[in-house]
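Single-structure report; data block below.
Every number in this text was worked out from the coordinates using simple rules, so none of it is lab data. From a predicted model like this one, the values you see are computed outputs, not experimental measurements. FYI the Cβ positions are ideal-geometry reconstructions off the backbone, even for glycines, and counts take in every protein chain you see.
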Amino acid sequence: MQPLSSLLLVALAASHAAVAIAAPNCLSDVIVARGLERRGLERRSSWSYEGASGVEHWGQFSTTCDVGEHQSPVDFETDELAIQSKPDLKWSQVVNPFTFINNGHTVQMQLNQSALFSTQADNRQYAVQQLHFHSPSEHRVHSKYFDLEAHFVHASADGKLNVIGVLFEVSEKPNPWIDLFIDSLPANVNVSTYLSGLDMSIIINHLKDTDYYSYSGSLTTPPCTEGILWMVARKALPISVKQLLKFREVMPFNSRPAQANADLGEHDDHHGSPSASAADSKPGYAPAAGATQKWDDKSLYSSAGFKAGFAMLFSVAFMAALI
Ligand SMILES: [Zn+2]
């Protein structure tokens, strides 16, 4: 970070010097105005999870986010959505070398390894493209949020997308699959780390063991494209507090609130009323709050495992402070 900020400072100083030499007043005003314009454009082209470019304003990036009737994520309020037929996973036990990218919205593994990972569902063959994470979860079950959700994004030859969602819930035990890569999370935005491979057997066994909620939905980020076949594993996997906190160190709060979805018999009652939106009732969602209140831990973490883990971490931190 430091060399980059130093470079920026040097660049800023150089541009100010150039402006001062050329024309100290009017030209610098124009440059400032153009700078504001540029920043304005940036604001309009870059979505986020809070403030003026937050989830309530994603319609400015794509109208589908506002008016779509098959949006994701959803709250699975009924078990009727559960299907017994499982996706036919043809996944290799081990992933070949790949890059792990921090794009500012999430951390994402580029797994474009169609020869190794394909899924048969919906009478189509889907090849895996990438895997990324959200915290807290985007999908809910009977209004309950989970602590982390992984999205395995697949594409078919005719351009249809299938996303397999895996939910994680805080437990006293670390997750052995997450342990394989947790120390390689890309910490800085637009910087990648490189992994020489990853054993997927734990996740594969889980996906073969569970059944799924399945529905037709959308991307959960702009442009909120619809026609996505969602399959969310019903059985959650454990994650330790320590592992969860490592994800949260490197990615922002990145969970879109539950949406109305006609496929689930719900109609467009969440749109057009930002003040009464689902976002307001979402635990941990604090769009107007400062960065330090971005995670509402009290409401978000309710499991006994988290409380025990947090108490332990707090005690250790407290003792470390005393020493
Ligand atoms: Zn996602």
Find the residue count for the range 233-271, including only residues that are under 24 Å from VAL67 (Cβ atoms), within 16 Å of the ligand (Cβ to nearest atom) and among the hydrophobic types (A, V, I, L, M, F, W, C).
1
Does the range 109-121 include one or more residues that are over 22 Å from TYR212 (Cβ atoms) and within 15 Å of the ligand (Cβ to nearest atom)?
yes
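Restricted to the range 203-232, and to residues that are in a loop (DSSP other than H, G, I, E, B) and β-branched (Val, Ile, Thr), which residue is nearest to the ligand (Cβ to nearest atom)?
Per the stated criteria, the residue is THR220.
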Flag if VAL191 is within 18 Å of the chain's Cα centre (by Cα), more than 16 Å from the ligand (Cβ to nearest atom) and surrounded by 21 or more Cβ atoms within 10 Å (Cβ to Cβ):
no
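So, in the range 143-160, of the ones that are of a type outside the set (Gly, Ala, Ser) and over 17 Å from the mean Cα position of the chain (by Cα), which residue ends up farthest from the ligand (Cβ to nearest atom)?
Looking at the filtered set, the residue picked out is ASP158.
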Determine which member of the set HIS132, HIS105 is part of a loop (DSSP other than H, G, I, E, B) and either within 12 Å of the ligand (Cβ to nearest atom) or touching a residue at least 24 places away in the same chain (Cβ under 8 Å) (or both).
HIS105
Subset of the range 194-224, residues crowded, with 16+ Cβ neighbours inside 10 Å and within 18 Å of the chain's Cα centre (by Cα), comes to GLY217, SER218, LEU219, THR220, THR221, PRO222, CYS224
Residue within the range 89-101 that is assigned to a loop (DSSP other than H, G, I, E, B), under 17 Å from TYR212 (Cα atoms) and more than 16 Å from the ligand (Cβ to nearest atom) present
no
